[in-house]
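Report on one structure; see the data block that follows.
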Amino acid sequence: MDGQTCSQCDERAMDNGSGLCEPHFEARREAIRDELSRPVPAQTRSRRAHLQRKVLTVGRLLRLTLVTVLVAPPAFFGVLFLLGEAGVGSGSDSAATFGEARVAVEELLRDPGSAVFSNEVRGSGSAVCGRVRAKNGFGGYAAAQRYVYLPGTAAVLEGGQSSPDFVLLWQAHCR
């Protein structure tokens with residue numbers, strides 16, 4: 001490199017293999033640092049970077065769990081409650097009859113003809129609350145299950161797919 005001049009000026013080039021003098025070499029180094037520190041536009045990101053953004057982190061999992069457990073069930077049953085209060089689908093009389101409740105509960109049972117109802121009361125918000133026993137898949141009677149029926153909606157059985165939601169519904173209408 002001895003005897004070479006800078007490719008951008010007439011100064012003597014440094015012995016660093018760049019062919020640039022010290023001021024131009026430092027300016028180029030700063031330009032490269034600035035370029036590397038800028039955010040990369042979305043269209044130039046690699047597939048790997050895209051996949052890394054889609055990974056389910058612990059924080060995202062916690063947020064998803066909180067929304068699923070704490071926000072969705074109360075919102076769902078709030079809508080059911082409002083529909084029950086408005087008397088949707090039950091004509092001018094918004095109070096549910098015990099017969100309507102029994103029909104709705106029987107639709108959820110494996111053997112509807114074996115249903116034995118007890119402790120039926122009218123709950124708040126024109127709901128019907130009670131207990132039902134019915135035959136299980138083995139032909140024997142299962143333990144009594146609590147149920148809540150809101151007029152114009154469906155009945156909900158204790159221990160079903162929405163068991164945590166049932167407790168909230170029971171506390172809201174049947175206490």
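Peptides 140-149, 121-130 ranked from most to least packed, by the mean per-residue count of other Cβ atoms within 10 Å: 121-130, 140-149.
In the complete set of protein chains, residue-level accessible area for Glu106 is approximately 60 Å², probe 1.4 angstrom.
The values are calculated or read from the model by the stated rules, or taken from the named source; none is laboratory data. Worth saying up front: this structure is predicted, and the values here are computed from it rather than measured. Here the Cβ is made from the backbone with ideal geometry for all residues, glycine too, and neighbour counts use every protein chain on show. Just so you know, the surface numbers come from the protein's heavy atoms only, side chains and all, with ligands and any DNA or RNA stripped out. Shrake-Rupley method; radii C 1.70, N 1.55, O 1.52, S 1.80 Å.
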